[in-house]
Amino acid sequence: MKFRLAEFKDIDEIMDIITKAQNYMHSEGIPQWTNGYPNSDTIKEDINNGYSYILEENEKIYVTGSVSFDGEETYEDIYEGEWITHDKYVVIHRMAIDMDYKGSGMSTKFLKEVENLSKEKDIYSIKIDTHRKNKSMQKFLKKNGFKYCGIIYIKDGSERFAYEKILEK
């Protein structure tokens, strides 16, 4: 397995994974990733900013996600709880696995690679959010050591459950 920054040549395959994830969420009644978000312009912006990462093997992409060390404006205010730390953190957005491989452990592998990248940068906190109805993501986060911290509101005003994981030094 190889964890690397995505390139423009990867956009079609990344969008295929995202479309499958959008279809899954829609079928489960999860109103997340709707109205054409995320789209290829979102992924192009992630690539331009150096945020878009993939986990691949034999030139097939299994997991994609946006990994940023630049903070997250919508995380500045948290309600009905609080962040565990107030230090520097990495934020993961738009994480998706090829739905044909859901439950394979590849998402955990992607997360471990993000943890390694974070530690290399001397950052020991990972923050992420998901929709209240996205039970499979919440289960994944708890299984991988994330703690529920409270509620944040994304730019469109939608509520999200916020999670944080502290990494060992």
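The values are calculated or read from the model by the stated rules, or taken from the named source; none is laboratory data. Quick caveat, the model's predicted, so the values are computed rather than measured. Using ideal geometry, Cβ is built from the backbone for each residue, glycine included, and neighbour counts are taken over all protein chains shown. SASA here: full protein model, heavy atoms, side chains in, ligands and nucleic acids out. Shrake-Rupley method; radii C 1.70, N 1.55, O 1.52, S 1.80 Å.
May I ask you to give the percent of accessible area on the chain that is carbon plus sulfur, with a probe radius of 1.4 Å? Of the solvent-accessible surface of the chain, carbon and sulfur hold 44 percent. For LEU167, the solvent-accessible surface computed with a 1.4 Å probe is close to 10 Å², ligands and nucleic acids excluded.
Of all aspartates and glutamates in the structure, the ones whose alpha carbon falls short of 13 Å from that of LYS60, not counting any fewer than 8 places away in one chain, are ASP10, ASP12, GLU13, ASP16, ASP98, ASP100. Loop only by DSSP, 14 or fewer other Cβ within 10 Å of the Cβ. Give me the GluC sites (Glu not before Pro) in the stretch 32-133 that pass, ordered by residue number. Answer in residue order: GLU59, GLU76, GLU80, GLU82.
Restriction of the chymotrypsin sites (Phe, Trp or Tyr not before Pro) in the stretch 52-87 to DSSP coil positions whose beta-carbon has at most 15 other beta-carbons within 10 angstrom yields PHE69. Between the entries [x] 42, 18, 13; [y] 23, 19, 15; [z] 36, 17, 13, the label attached to semi-axes √(5λ) of the Cα gyration tensor in Å calculated for this structure is [y].
The phi-based Karplus calculation (6.51 cos²θ - 1.76 cosθ + 1.60; θ = phi - 60°) puts the 3J(HN,Hα) values of the stretch 19-30 at 4, 4, 5, 4, 4, 4, 4, 4, 5, 8, x, 9 Hz, whole numbers, x for Gly and Pro.
Residues of the stretch 45-86 with an amide N closer than 19 Å to a point placed 7 Å from the Cα of ILE151 along the Cα-to-Cβ direction: 74-84. Overall form of the stretch 64-163: oblate. Here a/c, set by the Cα gyration tensor axes a ≥ b ≥ c, is 1.5 or more, and a/b is not larger than b/c.
Based on protein heavy atoms only, the chain ends up with 54 Å² per residue of surface accessible to a 1.4 Å probe.
Paramagnetic label reach from SER104 (point 7 Å along Cα→Cβ; backbone nitrogen cut-off under 14 Å): within the stretch 55-78, residues 55-64.
Toward the positive end of the charge dipole of the chain, with +1 on the Cβ of Lys and Arg and -1 on the Cβ of Asp and Glu, the farthest Cα among TYR89, ASN58, MET137 is that of MET137.
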